[in-house]
1. Please report the equivalent ellipsoid semi-axes of region 205-249, computed as sqrt(5 x eigenvalue) of the Cα gyration tensor, largest first, in whole Å.
2. Name the shape class, rounded, prolate or oblate, that the alpha-carbon gyration tensor gives for region 220-325, where a ≥ b ≥ c are the square roots of its eigenvalues, rounded holds for a/c under 1.5, and otherwise prolate holds if a/b is larger than b/c and oblate otherwise.
3. Using the Kirkwood formula over every pair of different C-alpha atoms, what hydrodynamic radius in Å results for region 78-171?
4. What is the Cα radius of gyration of region 29-147 over 2.2 N^0.38 Å, N being its residue count?
5. Using the heavy atoms of the protein chains alone and a 1.4 angstrom probe, what is the accessible area of the chain per residue in square angstrom?
6. Compute the Kirkwood hydrodynamic radius of region 149-200, taking the inverse of the mean of 1/r over all pairs of distinct Cα atoms, and give it in Å to one decimal.
7. May I have the extent of the alpha carbons of the chain along their three principal axes, as whole Å values ordered from largest to smallest?
8. Averaged over every viewing direction, what's the projected area of the C-alpha convex hull for region 71-129? Give it in nm², one decimal, please.
Amino acid sequence: MFGATATAAVLGLLIPLSGCGSSEAGSGGDDTLRLVAAEYGDSSGNSSKAFWDKVTGDFTAANPGIKVEVQLLPWADIDREVSRMVRAGKAPDMALMGSYSDFAAQGKLYSAEELLSITAEANFLQPLAEAGSVGNTLYGLPFVASSRLLFYNQKLLADAGVIPKDSSAVWQPKSWSDLKAASKALKDKGVKTPFAIPLGPEEAHAEAMIWELGNGGGYADSSGNYSLASDQNIEALKWVKDNMVGLGLTGPVPPSQLNRADAFAAFLRGEVGMLNGYPSLSHEAKAKGITVGAVSMPVSDMLGAGETPPTVGVADWMMAFKQNGHRAEIGKFLDFVYSDKNLSDFAGRYHLLPSTVTASRTPAGGGLDKTDEQFLTALRGAQLYPVNDPSWVTVSDTIKRSIGRAVEPSGNPKAVLDDIAAKATEASKKKH
């Protein structure tokens, strides 16, 4: 399903590290690779540093000629900092972050074909391989991924009469009308936030896309071109504005000001009836004794009840820069990092989905628990952001800062989306 298997040889293993004499293969001396990676932890106790310290130590012990230095940066800074490094002519050998296509468009990256075996490259899950490719060339190697499902607090829904109190059956809403009715029942019962819709600047692009997909829309059409102001997207946000926000069903904080982290924290306090979430939230809720249901998001009434729209999939990308000419050494290190043991260890730390099928199902990987299997199933048919468009970094930032205004009481969904689409067109012209 996903990428490199533990036994797949990468190209770097086939090129001698000494005696080659080419800058592509490295000098064969004491080479140091630099990896700039996003920090996945939210405290010193779960920092990614422990993982990278062990992996790089183990790798150098097995490959004494190659050292690896890892620099961790916050998610809020890494895109900007890596871009700055590249502009200054000081690109790292590798970066692990949320976007890659701008660098690919500039010709700065090695392709997967230059780093991985044919078997490894062909083994990536199709939606991720497509999102990681510019044209037909894979540049962004999926590292870890997640998908989004609709979460509900089972006790709150039972107390509000939405589901039977003594029932262990899964509640699966068929349409947005079901969500509206359940939210009304939760509000009548005094639930602080019946349905949290975080359209604040932290991750508004994910939440908006979930609703847009539910009405047959999304950010790009079948040809990969932006379709940000489509009729389906406008209708979706208008429905949210009129039927959820306008009826007071989204809690005390306006969606345009509500960030994902705050919505998740409120859910863990038992103050939220429903929201869209990913695997780690499910595990955190269980640890706090909250019984959670996780189901697919229903479609809009405009499409007809009972259909299942694509879920939103999110992946993080490993990329390798050409500048320092360490292709062989990079390939060797990536083969090591993408082993079942290492990849599943990293994914397990943060309740994300590992990017190889073997890491998710083999004894070495430990397999996935039932909750994570749900998200893996959803990921198979997921739709990802159009990350392979070089302008996506700019466009996604515009969406994050702007789209929440569409559902404000005085908001105009069409005007907001038209403005975002115009800025996307401008950004695309600059990048292409």
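The values are calculated or read from the model by the stated rules, or taken from the named source; none is laboratory data. Bear in mind that the values here come from a model prediction, so they are computed numbers and not experimental data. Note: accessible area is taken over every heavy atom of the protein model, side chains too, but ligands, DNA and RNA are not part of it. Shrake-Rupley method; radii C 1.70, N 1.55, O 1.52, S 1.80 Å.
1. Working: eigenvalues 96, 17, 9 Å².
Working through the eigenvalues yields semi-axes of 22, 9, 7 Å.
2. Details: a/c = 1.81, a/b = 1.12, b/c = 1.61.
Cα axes put region 220-325 in the oblate bin.
3. Working: mean 1/r = 0.0597 Å⁻¹.
By the Kirkwood definition, the hydrodynamic radius is 16.7 Å.
4. 1.12
5. Working: 17590 Å² over 432 residues.
About 41 Å² of surface per residue is accessible.
6. Numbers: mean 1/r = 0.0868 Å⁻¹.
Value: 11.5 Å, from the Cα pair sum.
7. The Cα atoms of the chain stretch 75, 49, 35 Å along the principal axes, largest first.
8. 4.9 nm²
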